[in-house]
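Here's the structure, in structure tokens; my notes come after.
The values are calculated or read from the model by the stated rules, or taken from the named source; none is laboratory data. As the structure is a computational prediction, the values presented were derived from the model and not from experiment. Every residue, glycine as well, gets a Cβ built from its backbone with ideal geometry; the counts of neighbours run over all protein chains shown. These accessible areas exclude ligands, DNA and RNA; they are computed on the full protein's heavy atoms, side chains included. Shrake-Rupley method; radii C 1.70, N 1.55, O 1.52, S 1.80 Å.
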Amino acid sequence: MSYYLSKRHLTVGDPTPFPPGLPKYTNWRFPAKIKMSNGILLLCLNLDVDPPDIVKTQPCAVLECWVDPHSLPSNKAIEAIGTNLQHQFETLNPRMKYKPLLDPSVDDARKFCINLRKLAQDERVLFYYNGHGVPKPTPSGELWVFNKSYSQYIPVSLWDLQNWLGSPCVYVWDTSSAGHLLENYVRLAEQRDAEIRAQHGGIFPEGATPFSDCLQLAACMADEQLPMCPDLPADLFTSCLTSPIETAIRWFLLKRANLPISITPDMTMQIPGDLRDRRTPLGELNWIFTAVTDTIAWTSFPRETFKELFRRDLLVAALFRNFLLAERIMKNYHCTPYTHPRLPPTNTHPMWAAWDLAVDSCVAQLPRLLARDRNPSAEPYEYVPSTFFADSLTAFDVWLSRGGCALSAPVPAPNPEYPPVDPLTIPVTCDATHKHALVPRRPPEQLPIVLQVLLAQVHRLRALISFAQFCDLGPWAVNLALTIGIFPYMVKLLMAPPGDVRPVLIFIWARICAVAPDVRTELLGVGAGSPGVNGVSYFASVLAAREEPTFVLIPNAAEHRAMCAFVLTTIARGSLAGQTALANEGVLETCLERLKDSSDYLLRVWVVMCIAQLWAGNDKIKDDAVLLDAPEVLITQLGPELAPDVRAAFVYALSTFLGAIGAPVSNGEDLQFADTPPAVDPQFLHGGGGTGSLPSVLERGHYKLEAGISTSAVLAVREDASPMVRKEAVVLISAIVEAWRGHIIVCAWIYWEEERLSLKQMNHTSSQESPRTLVDTVLDVWQRHLSLDSDETWPETCYQALSGYFTVWAFLLELAGDPFPEVADKAKLVVDWVVERLLGSGFPLAGVDVELHRGQKQTQTQIFPGSIGPQTKKPTHLKRTSSIAHVAHALKTLGNYALDGLSRPASPSRPLTPEWDEERTDTESRISEAIEALEQLIGEDMFRLKARRAGKRLRDRDADQETNGVKLPLRSKFYEWCNEYFMEPQMKQVESHEPGSKIYNMQLWRRSRNERILTETQAQAEFAPQCEWDRPVSTFHASGASPRIALHAYDTHVSVATDRDKLSVWDWAQRKCLRSWSNRNPSSSTITSVRFINDDTDGLVVAGSSDGIVRIWRHENESAQTNIQLLSAFRAIPSLVVLKRGPGLVMDWSQAAGAFLVGGDSKELLVWDATSETKVDSISTQSNSPLTALTADFSSSPLIVAGFADGTIKVFDRRLRDLDSVIRIHREHASWIVGAKCQRHDEKTLVTASVDGQVHLWDSRNAGQSLHTWRIHERMASFDLHEQTGVFVSTSSLTQSNWRSHTTVVHSLRTGEDRANVLSRVIHPTGLHEMPTTHILPYHSNVVFHPNEMLYAVAGADGTIRLVGCKLQDRREQMYAGILRPYDIPPSARSSMDVNGFQHPDPNVIV
């Protein structure tokens, strides 16, 4: 198992930025629908009279609206045609009113057009023009009508038509040379729009629609004539637009020359069924046709065009959908229909083949379907439905399961004539930023078809499951699903009876809410198209359900409840209406119940997040929560047994309860995948105000409640090892500081004053005032003033509250020096905010020029005195009987905190007030000033509390003032980070578990290689205790002195810690430095321990420093410094004892148990769990000497062996109580223990070594004397025991008489003659020119065995690192124990190796 590689370590609670080089996903919501209620159907047929410029063929097409004009008298025929045309348009949109104008005169046309615009007002109108009985339109764009006597053709200019109809309009031109009308209309529209903009200052008037936005459909180009095929209607374009099924089937039959005699084209008008009934043949064909044309449009047109034409208006969508059929048919007759806006050609789209197959299936059944109509005695025939939708779902499932959803390289540049279909397929430029960007592949063609399948009950569940799998692919998939139009269906399904679709529906809604949080309006039933929808009730019922029969059908109930909690959280976030709706449904009570009876990680997180968003900025719900003891429940459960993510959620919830901001940023900056932010109520944008009014609590109880919650929350996370939790703690404290700034400023002054006096004592500065005089006097006077109150407990209550806020301030200072930079930076902002107000508070600050500092825009924490040093344990409350100075006595100077890593100006050049001026300051005056400032600040806090309780929100000058651009409370991004869980794939395996993936293959290779190494080294371990260990393997020089080193268990890597804070990783086989970086130690500390963890995978570097800090680093094997990442950092030893010469931090790691074992300059031995990132054990060492050596194997034993500076060896049992935990003590050593080791496969063997050169062999099962003792050196520097074989190694210390070389001895554990057991003795030059000095042990050199290989590494005082191997007896064994293993050799290095796998040494390197 690998540790510290989860998402929380890689991101530390920060949301993932949008992939570079790709645009944000477009707004999926469809534009506001433009109403279209009226239309004019203008027919200029003039039957029996052919136009003068048209020469018709014989025979010729004669059908107009499926009526043969020659079958009726001309006056009857024109009426029948008009009636049929009206009925055909009504099938497209039955709610519209259509007015046929049959052979109108120019005056009639003018009158009806003007009246139509008056009637429609600002709505869109339809203008249909059939000019089959008049001349072609003129090149200048004039269409023809008649005079009243039908003796002349009268031209009507498009300019006049625009004046009559205005805008917006939809025009359908069904006439030869229709392109003249379309092109001239566009030209005139652009001219008109330009004139209107010029009249209004370059902008179009608000509310007006440009003429250029009018939609047009033309039957042919300007130089083309309509087809005259006698087998097709004369108004073929109109027939395709208004009766597409009949026209498509007729054309299908005309193309088939080998049709049975029983099937004729006339049967197309006799297909049984209703267009609106999908269970009938005609309705099913219409359903399939809609799916096919939607798919063609979806895959061919730009997204915005698709939404505008196919999702905004019912009639427009039908016209343009049917236009695709007209284009397909009419292009076969040398006629090219086209539109405005111009659309790409679609007549050869592959989906037309699927349509032909569906038509063929229906046509084949026509004779049997119509047989009963001709012969009533015929046997009834049951129609066999098409398999089109089932086959499409199968194809969609294949796309999902066969890698169609995988990421791929950027697509090539699209055709410049048409914009890209999908923003995801926009080509990525090949610069450094975008070169390696991956984008999702082209979306599946079946997506619009799957949407149509949702309309049918028979396929609904399968379609929803497929949609859920598609949405699980990521935000891009959800955005595509929303863009195609799935959202209205999802809203309607919420009103359907609960059943099998409920689990899938919950899953889809969770993904939708993650990508588009603004859907909460529809869930509340107030959005467009969602009347009667109560999404809150739907999801709240699932969250609260226990034994409901319908809920039993939901698999993995805890996860689906977590999804419901997430959806409810989205509804409540930043919405007063959402919070109220959730409260009315009892969601708060439900969440508290789920919190108590559920241990599911995801459910806990989202239940707590739901509580956080419920009461964020809502005083009423906060009051209800107090009555339910919700804050107490959260604080009680906030413990180390929770996962770090859950603890962070708890802290986030408490911070919103205390006034932190829970709403999203109003301008949408926190949206990662959308460009439309959800509406946020103004009251949620500012934060602050503590817990609000709490009318159910008395004022003084309210005061005590907030102080108690603040203190308890801070104490609960004070020793948390997770940077993400500590970062949320900073936000929590910022809310406390904003609400109780007066108390915090008082605590800051007390802290500063006590620290100043403490430093004066440390520096032996003479002073007439005793420590604590000023602070104790001020606090005593303040309490005497409070005792005048009628409530005798009030002084103690106030003092306890101030003590609690002092705990908050002390923890904030700790966070300002946090080892994780992001946490420290946030805390410094809050500290600066407080200190700036402290400077203007009126408190006497001796030695500080207040006016000078108040005018500076630099960090104000420079006024705090002190010196850099390790931290000590801090008190949690004020004590008048002892100085508070020891709280910060060993803290890092706040000025140094703020300056470390920040580019701020230096300290003011103007000197501080001299000390002799301070001593001459009138003490009584200072006390008076301090009391006045204290009472004023606390009084202001109480006044703000009264105002809050009265429902007034004070935005005073102090609160509105920003410090260096920072305004409290700080804003957390934890919600956005948690939200990403529902944007990530959950149904498919992660890449590391996906066979064939790059990561999977790498892991497979590593596993195979590691197993081979273990097998080979176990065989070598049998011979190693009888062989010499002096074969040179590799030598390289790492810059820096006295390095600490660690060898990777499988890779040829060595981690080196040199100087004060420099870390590097070397490839010892190639003698090459792979990475080098700073450990970010303070100037007074150094690295004392270094380890590799996760050796089975890529390996992380862990560095422990003398200030008690452990840092976990991730490095890659490239040279780019950007790949170095600090994954975690925490204070492993909170209570550090300052020693002049000590071991610093001593650390051991158990990979099997995932635990750090740390000790050192402390009286505690601590165990930190890597999974929960908490302290799981704290064992008293029961020793006055520092701990210097540690070993344990938690995977097989609860015992811990520790060595101390006084030579004592103690064995601890973790299972026993603290005072009884020491089960054995060995005292044979007389000096500093430099090493204590147990073998991996022989736990009973314990070997210890001390500075005086003695090595003892113990049986860990016995409490008696050691089994054997060796004297290896006069003075020993370091020691190690091989984990797999009975061999140990040690190095000698440098002395005043011998510091130019040091000796390395490899010794067998055999207890025979000592001289025979010395396997090798090697003297290495130190390379020093003088005796070095160091205050950290071990001295000057460091030696470690390889965890598996038969070799060791020794680091010299000058930074030279030598790897030495064992001389195995057989040549074959030598190869396996050699410098390079054949399976580790990169191809570039194989040329320098001999046939046996040995690399020729570099003649320039001295070994």
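Sorting the Cα pairs of the stretch 1118-1205 by distance into bins of 10 Å, from 0 upward, gives 16, 45, 26, 11, 2 percent per bin. Cβ-Cβ distance of TYR150 and LYS99, R₀ of 30 Å, FRET efficiency by 1/(1 + (r/R0)^6): the value works out to about 0.90.
For the stretch 59-183, the solvent-accessible area of protein heavy atoms averages 41 Å² per residue (probe radius 1.4 Å; ligands and nucleic acids excluded).
Cross-link pairs exceeding 21 Å between alpha carbons, from the set LYS727/LYS828; LYS828/LYS967; LYS596/LYS704; LYS118/LYS148: LYS596/LYS704; LYS118/LYS148. Protein-only accessible surface at a 1.4 angstrom probe places the residues THR1269, THR1245, THR807 in the order THR1269, THR1245, THR807, largest first. Over the C-alpha trace of the stretch 212-330, radius of gyration and Dmax come out as 15.5, 51 angstrom.
In plain terms, the bigger the Kirkwood radius, the slower the diffusion; for the stretch 96-195, with that radius from Cα pairs, at 10 °C and 1.306 mPa s, Stokes-Einstein puts D at 113 µm²/s. Excluding residues on the same chain fewer than 8 positions from LYS1237, give the lysines whose Cα lies under 26 Å from its Cα. The qualifying lysines are LYS1163, LYS1175, LYS1210, LYS1367. In the stretch 235-315, the portion of solvent-accessible area held by carbon and sulfur atoms comes to 52 percent [1.4 Å probe, whole percent, DNA, RNA and ligands not counted].
Of the residues ASP231, ASP1177, ranked by 1.4 Å probe accessible area with the largest first, the sequence reads ASP231, ASP1177.
When we measure straight from the Cα of LYS760, which lysines land under 25 angstrom away, once same-chain ones fewer than 8 places off are left out? Leaving aside lysines fewer than 8 places away in the same chain, those within reach of LYS760 are LYS873, LYS874, LYS879, LYS892, LYS1140. Within the full protein context, the accessible area of TRP1168 is estimated at about 10 Å² for a probe radius of 1.4 Å. Rounded, prolate or oblate: which fits the stretch 25-175 when a ≥ b ≥ c are the square roots of the eigenvalues of the alpha-carbon gyration tensor, with rounded for a/c under 1.5 and prolate only if a/b beats b/c? Prolate is the answer for the stretch 25-175, as a/c is 1.5 or above and a/b outweighs b/c.
Diffusion coefficient (Stokes-Einstein, Kirkwood radius over C-alpha pairs, 10 °C, 1.306 mPa s) for the stretch 54-120: 113 µm²/s, rounded to a whole number.
Across the stretch 1179-1257, counting alpha-carbon atoms alone, Rg and Dmax equal 12.0, 35 Å.
Accessible surface comparison of ASP235, ASP53, probe 1.4 Å, protein chains only, largest first: the order is ASP53, ASP235. Solvent exposure of the stretch 1071-1218, expressed per residue, is 33 Å² of accessible area, with all protein chains present and a 1.4 angstrom probe. Quick one: Debye curve from the C-alpha atoms of the stretch 151-224, no solvent, what's log10 I(q)/I(0) at q = 0.13, 0.16, 0.19 Å⁻¹? Per q value, in the given order, log10 I(q)/I(0) is -0.43, -0.62, -0.81. Counting Cα-Cα pairs of the stretch 1212-1307 in 10 Å increments starting at 0 gives whole-percent bin shares of 15, 42, 30, 11, 2. Identify all lysines with a Cα-Cα distance to LYS331 below 29 Å; exclude those on the same chain that are fewer than 8 residues away in sequence. Straight-distance partners of LYS331: LYS56, LYS136, LYS255, LYS307. Between GLU699 and LEU576, the simple spin-label model (points 7 angstrom out along Cα→Cβ) gives 2.6 nm.
Residue separation times 0.36 nm, minus the C-alpha to C-alpha distance between LEU455 and GLU304: what's the value?
51.9 nm
Which residues in the stretch 177-218 place their backbone N less than 16 Å from a point set 7 Å from the Cα of ASP122 along the Cα-to-Cβ direction? Taking a point 7 Å out along Cα→Cβ of ASP122, the residues of the stretch 177-218 whose backbone N falls under 16 Å are 204-211.
What area, in nm² and to one decimal, does the C-alpha convex hull of the stretch 271-382 cast on average over all directions? If you wrap the Cα atoms of the stretch 271-382 in a convex hull and average its projections, you get 8.3 nm².
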